[in-house]
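Novice: Please read through the structure below; I'll follow up with questions.
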Amino acid sequence: MAKLSLSVAVRDYDRTRPMSDGLVQIDGVDPIFMALPPEEIFFRAFRGAEFDICELSLSSFTVKTARGDCPYVGVPAFVSRTFRHTAIYVRTDRIKKPADLKGKTVGVPEYQLTANVWARAILEDDHGVKPSDIHWIRGGLTEAGRLEKITINLPNDVRLDDAPPGRTLSEMLDAGEIDAFIGPRVPPAFERCDPKVGWLFPDPVAAAKDYYRRTSIFPIMHLIGVRRELAQAQPWLPGAVFKAFERSKAIALEKLSDTSATKVTLPFVEERLMEARALMGEDFWPYGVERNRKTLETFLRHHHTQGLSSRQLKAEELFHPGTLETYKL
């Protein structure tokens, strides 16, 4: 049987590179890899289902799955995860602690971004700051006119307005027209060390470690999707995709653990790896549903209560049945 020629769009991560390098194969697939930025992948995937297999925003995927119109079915290979304590930037001359955000104006590139769902979850669960306590302003961080990639319907008590025409959130933060910014990318003012803009949590790494110790949650940002029509025609495919992404990640961790020569262009990588494993275990970046059930259920609960998903999904509803269980020797 001839292999399927399929497009695969993922960012170039160490945990996916063994696949794009050809070291790991997807059974039955002749892949065409495209290393693209996540924003482009998500836009093209949710607007036109342009890719056969691709990286997807967990939040956007959940919105569309709850509505029953998602063009992709999920594979629980979580290629992007991040503690989002570093995603909340504030005007340091106004905001000193999380509670100070109540009644303030906060910019977001898109309200439904996965990073923002997690940041709002942290603010509400740990600091009592609810989404309805904040006036949200939506716009591009450095390019004016950014819109939500998918339609959302928010609760009546949540106020969300678009940035003024031609204005960026970066400009508004610099001018003091918004009090804070939440998003996955760094505001230019922070990059140039402007003292008026800083992290809400002065030591976000310490805050994230404390969060993990208390919750055992390592926030998931992105999963892998297989085009639904393709998965229906080839029901073996999602399981084969999951198997390949699992093997690719295992190879990346093996290489990272080899201390004979540093694999990352950054000092102290080995020490940070030891710290991560001491806190989170040997496989600190787990794939699969069961090992991530609490993280997924926490996300799905907040996603629904924040008004983004029309109903609260169960974790299993996100993923193809062929990825929920694997064989054992």
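Novice: Kindly indicate which of Glu270, Glu282 is surrounded by fewer than 19 Cβ atoms within 10 Å (Cβ to Cβ) and not in a loop (DSSP other than H, G, I, E, B).
Specialist: Numbers: Glu282 fails: not in a loop (DSSP other than H, G, I, E, B).
Going through Glu270, Glu282 in turn, the sole match is Glu270.
Novice: Where residues in the range 54-71 are outside any helix (DSSP H, G or I) and touching a Phe, Trp or Tyr at 6+ places or on another chain (Cβ under 9 Å), which of them is surrounded by the most Cβ atoms within 10 Å (Cβ to Cβ)?
Specialist: In this case the residue turns out to be Leu56.
Novice: Okay, moving on. Would you mind listing the strands (runs of 3 or more DSSP E) fully within the range 75-184 where at least 1 residues are crowded, with 17+ Cβ neighbours inside 10 Å, modelled with pLDDT of 95 or more and not assigned by TED's automatic domain parsing to the domain that holds Trp236? Working first, answer last.
Specialist: Working: elements: 88-91, 105-108, 135-138, 159-162, 180-182.
Where strands (runs of 3 or more DSSP E) fall fully within the range 75-184 and carry at least 1 residues being crowded, with 17+ Cβ neighbours inside 10 Å, modelled with pLDDT of 95 or more and not assigned by TED's automatic domain parsing to the domain that holds Trp236, they are 88-91, 105-108, 135-138, 180-182.
Novice: Confirm whether Glu229 is under 23 Å from Pro109 (Cβ atoms) and surrounded by fewer than 15 Cβ atoms within 10 Å (Cβ to Cβ).
Specialist: The answer is no for Glu229.
Novice: Might you check whether a residue that is in contact with a helix residue (DSSP H, G or I) (Cβ under 6 Å, 6 or more places away or on another chain), exposed (fewer than 13 other Cβ atoms within 10 Å of the Cβ) and in a loop (DSSP other than H, G, I, E, B) occurs anywhere in the range 237-258?
Specialist: No, because not a single residue in the range 237-258 is in contact with a helix residue (DSSP H, G or I) (Cβ under 6 Å, 6 or more places away or on another chain), exposed (fewer than 13 other Cβ atoms within 10 Å of the Cβ) and in a loop (DSSP other than H, G, I, E, B).
Novice: May I pose another question? Go through the range 32-53 residue by residue and tally those that are assigned to a strand (DSSP E or B) and within 23 Å of Leu324 (Cα to Cα).
Specialist: Qualifying residue count, the range 32-53: 1.
Novice: Next question. Kindly indicate which of Glu297, Glu246 is of a type in the set (Asp, Glu), closer than 21 Å to Ala121 by Cα and within 19 Å of the chain's Cα centre (by Cα).
Specialist: Exactly one of Glu297, Glu246 is of a type in the set (Asp, Glu), closer than 21 Å to Ala121 by Cα and within 19 Å of the chain's Cα centre (by Cα), namely Glu297.
Novice: In the range 1-20, how many are without any contact (Cβ under 8 Å) to a residue 60 or more places away in the chain and under 24 Å from the mean Cα position of the chain (by Cα)? Reasoning before the result, please.
Specialist: Pass one, the range 1-20, residues without any contact (Cβ under 8 Å) to a residue 60 or more places away in the chain: 1-3, 5, 7-9, 12, 20.
Narrowing further to those that are under 24 Å from the mean Cα position of the chain (by Cα): 7-9, 12, 20.
Selection size over the range 1-20: 5.
Novice: While we're here: With the requirement that a residue be touching a residue at least 12 places away in the same chain (Cβ under 8 Å) and more than 12 Å from Asp52 (Cα to Cα), what does the range 220-233 give you?
Specialist: Ile220, Met221, His222, Leu223
Listed here are the residues, each with its yes/no results for (1) without any contact (Cβ under 8 Å) to a residue 40 or more places away in the chain; (2) small (Gly, Ala, Ser).
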{"position": "Asn156", "(1), (2)": "yes, no"}
{"position": "Ser170", "(1), (2)": "yes, yes"}
{"position": "Leu173", "(1), (2)": "no, no"}
{"position": "Phe190", "(1), (2)": "no, no"}
{"position": "Phe218", "(1), (2)": "no, no"}
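Novice: Would you mind finding the one in Glu317, Glu270, Glu290 that is under 30 Å from Gln25 (Cα atoms), out of contact with any helix residue (DSSP H, G or I) (no Cβ under 6 Å at 6 or more places or on another chain) and in contact (Cβ under 8 Å) with a residue 60 or more places away in the chain?
Specialist: The match here is Glu317.
The values are calculated or read from the model by the stated rules, or taken from the named source; none is laboratory data. Bear in mind that the values here come from a model prediction, so they are computed numbers and not experimental data. Here Cβ is always computed from backbone atoms with ideal geometry, including for glycine, and neighbour counts include all displayed protein chains.
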